[in-house]
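Chemist: Structure below; questions to follow.
The values are calculated or read from the model by the stated rules, or taken from the named source; none is laboratory data. Predicted model, so just to flag it, every value in this text is computed and none were measured. No Cβ is skipped: glycine too gets one built from the backbone with ideal geometry, and neighbour counts run over all protein chains shown. Accessible surface is based on the protein model in full, side chains and every heavy atom, while ligands, DNA and RNA are left aside. Shrake-Rupley method; radii C 1.70, N 1.55, O 1.52, S 1.80 Å.
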Amino acid sequence: MTTRRTALGALAGAALLPKAFAADTGAAGESLKEAAKKKGLRFGTAISAGRNQFGDPAYRALVERECGIIVAENEMKWQALEPRRNAPNFAPADAMLAWATDKGIAMRGHNLFWQAEKWLPAWVAKEDFGARPAQGAERLMRKHVKTVCEHFGKRIGSWDVVNEAVDPADGKLRQNALTRALSSSSGAIEQIDLAFRLAHEYAPHAQLVYNDYMRGDTGSSKHRAGVLAMLAELKKRGTPIHALGLQSHIGSWDESADRGKADLLEWRKFLDQVSGMGYDLLITEFDVNDRRLPADIAKRDAGVAAAARDYLDLTLSYPRLSDFLLWGMADNISWLQTWDEAPRTDKLPMRPLPYDAELRAKPLRQAILESIRAMPARQA
Ligand code: 9MR
């Protein structure tokens, strides 16, 4: 069978888009980034060097057409930038940033510190911080932030400084090798505060973001409460943090349409509280898990689009929100295909993103476009 990828390989011009793409998006029509720009919103996506994305000219052309901002799905994580101590590897991230800069696409940074220990580089967990562990941990954190922020400089205008600090199970702050070294008694707040202060020192131009996956459903109530408590504490401490990143991996947990409405009310309350504290908002990793929807593709795609509309109409209504990024553009490259915590029981491939594997636009793209067109314009 000829796949889109092999057919593409035969094309001489890398910039050529498959016919299906041109027809389905109405390539002459308005792109998502153009629609967003009219509202003072930046629209974009994560992109990865893995899973046939950044290396695929057709995928890159799609990102270029639709997106005004990108984020590296994995390539700027500490684990990726310094897999072994003092053995940095900036090349994959640099290649993306060079491409984005060339195309006039902005890029944000994800992330300086991922709090779950398993996502820190393995060598950090084994690090001997010496007789004065707090100073040793601070030294290491400073070196990391300095190296990374100075390397990318002003080309990265927004950083996820701390990722996923709150444990959804109890709303408490997660511990890791750095938090334990910095504070034996009072949890991780010192380390989080320090992370933001260092980011402010070495990237004073940048928007500094706390990024997490809290949701509106009942199962996420401790998570929301924990994030609110942490944001309140950081405000009290005068920590230089500007915004909350709403990852927005939706669709996995909300049980019914009715419950969905109640969850949206909780979500509204949460966003009101966060903006009430003076924090800006971003949607950083949007996708829709379709595990609760039927196998039939038309029904599934309609259900995904409807869930997106409900969530986006509410979330984009907050004037403090001015960036909206998806966690990928096409179904086949989504992390959800291999995530085993909330799988489809029928094992069918998920359809969580606005384009299918052949880069044909799906109803989700239309839903995103309509939500953007319906949202109130941001102040300049
Ligand atoms: O999508 C990412 C996947 O390719 C990586 O294997 C994984 C671990 O680095 O991270 C995934 O992205 C996560 C993001 O960095 C933070 N929020 C949740 C995302 C999905 O797990």
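Chemist: Kindly sort Met375, Met277 by accessible area of their heavy atoms, largest first, with the probe set to 1.4 Å.
Modeler: Final ranking, largest accessible area leading: Met277, Met375.
Chemist: Amide H neighbours of Arg42 under 5 Å, at least 5 residues apart or on other chains, H built in the peptide plane: list them.
Modeler: For Arg42, the qualifying residues are Asp323, Phe324.
Chemist: Another question, if that's okay. If the limit is 28 Å between Cα atoms, which of Lys261/Lys299; Lys77/Lys126; Lys154/Lys235; Lys77/Lys261; Lys39/Lys77; Lys37/Lys103 go over it?
Modeler: Working: Lys261/Lys299 20 Å; Lys77/Lys126 18 Å; Lys154/Lys235 25 Å; Lys77/Lys261 35 Å; Lys39/Lys77 31 Å; Lys37/Lys103 16 Å.
Table pairs above 28 Å Cα-Cα are Lys77/Lys261; Lys39/Lys77.
Chemist: Relative to the first principal axis of the alpha-carbon coordinates of the chain, what is the inclination of helix 363-374, with its axis defined by its Cα atoms, in degrees from 0 to 90 and to the nearest 10?
Modeler: 70 degrees
Chemist: Given a Förster distance of 30 Å, report the FRET efficiency between Glu266 and Ala95 from their Cβ-Cβ distance, rounded to the nearest 0.05.
Modeler: On the way: r = 41 Å, r/R0 = 1.37.
So, using R0 = 30 Å, E works out to roughly 0.15.
Chemist: Taking the chain as the region of interest, what is the percent of Cα-Cα pairs per 10 angstrom bin, listed from the shortest bin to the one with the maximum distance?
Modeler: Histogram of Cα-Cα distances, whole percents per bin: 5, 23, 33, 26, 11, 2, 0.
Chemist: Expressed as a whole percentage, what fraction of the accessible surface of the chain belongs to carbon and sulfur atoms when a 1.4 Å probe is rolled over the protein heavy atoms?
Modeler: Working: 8740 of 16100 Å².
Answer for the chain: carbon and sulfur cover 54 percent of the accessible area.
Chemist: Enter the accessible area per residue of the range 118-216 (Å², integer; probe 1.4 Å; all protein chains in place). Spell out each step's value before the answer.
Modeler: Working: 4230 Å² over 99 residues.
Result: 43 Å² per residue.
Chemist: Another question about this same structure. If you split all Cα-Cα distances of the range 254-358 into 5 Å bins from zero, what percentages do you get per bin, shortest first?
Modeler: 2, 11, 20, 22, 19, 14, 8, 3, 1
Chemist: Heavy-atom accessible area per residue, the range 47-93, 1.4 Å probe: how many Å²?
Modeler: Details: 1650 Å² over 47 residues.
The answer is 35 Å² per residue.
Chemist: Enumerate by residue number the trypsin sites (Lys or Arg not before Pro) in the range 311-380 meeting two conditions: DSSP loop (anything except H, G, I, E, B), and at most 12 other Cβ atoms within 10 Å of the site's Cβ.
Modeler: Working: sites: Arg320, Arg344, Lys347, Arg360, Arg365, Arg373, Arg378; in loops: Arg320, Arg344, Lys347, Arg360, Arg378.
Loop-located and lightly packed - Lys347.
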